[in-house]
Every structure is written in C-alpha cells, then in structure tokens.
1. Cβ-Cβ below 6 Å, separation at least six or inter-chain, first residue in region 63-74 and without any contact (Cβ under 8 Å) to a residue 40 or more places away in the chain, second surrounded by fewer than 19 Cβ atoms within 10 Å (Cβ to Cβ) and of a type outside the set (Gly, Ala, Ser): which pairs?
2. Output the qualifying pairs, or none if there are none: Cβ atoms under 9 angstrom, residues six or more apart or on different chains, first residue in region 5-19 and free of Cβ contacts under 8 Å to residues at least 60 places away in the same chain and surrounded by 15 or more Cβ atoms within 10 Å (Cβ to Cβ), second residue part of a loop (DSSP other than H, G, I, E, B) and small (Gly, Ala, Ser).
3. Inside region 21-56, can you point out the residues that are in a strand (DSSP E or B), touching a Gly at 6+ places or on another chain (Cβ under 9 Å) and not hydrophobic (A, V, I, L, M, F, W, C)?
4. Can you confirm whether region 34-54 contains a residue that is surrounded by 15 or more Cβ atoms within 10 Å (Cβ to Cβ) and touching a Pro at 6+ places or on another chain (Cβ under 9 Å)?
Amino acid sequence: MGKQMPLTRLRAGQKATVASLPAGRRDLARLLAFGILPGTDIQILQIFPVYVLAVGNTRLAIDRKIAAGILVGVPNTPV
C-alpha cells in the first residue's frame, strides 16, 4: 500500500485499500455491516452528490462527512 489519505482526496474511478475507519460508533457500525474493514479494496464510482463505492459486488453510497473519516492507501504509481 502506498500513501495514506482521506477517501475524499480520490477521484471517481480510482481504487484504494481501506487503512482505517472513522471513530464514531454509528458510522463505524454502518461501514462494518457493509463489509468495509481495514484491508478491504474499494473503488470510487462517484463523488458527487454523494460518494458511491464499489466493495466487491456491493455498491454503497456515503456522505462526505463519513468519506472524510475513511483513510485509504493508494498504490504507488510509477513515474
């Protein structure tokens, strides 16, 4: 895994791996229920008006506040 950053820094189409989740109990429980755990690979499908993530065969819409609390690692890209 490369550099870690908030999910909100990614663009539609990018892939990343979840590094850590928000500390808020309600948001954390919701993400865990959908299978979003540290180490899970995700793809950003849409960023506006809400973030839409692909997690395996599941599509999940989350608001910007929750997305900002998710840290992801993106693969290093060769120069």
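1. From residues that are without any contact (Cβ under 8 Å) to a residue 40 or more places away in the chain, the pairs are Asp63/Val50.
2. Partner pairs satisfying both residue conditions: Thr17/Gly39; Val18/Gly39; Ala19/Gly39.
3. Asp41, Gln43
4. No, the conditions are met nowhere in region 34-54.
Read the figures in this text as sums done on the coordinates, not as results from a lab. The shown structure was predicted, so the numbers you read here are calculated from the model rather than taken from an experiment. When we count neighbours, we look across all protein chains shown, and the Cβ atoms used for this are built from the backbone with ideal geometry, even at glycine.
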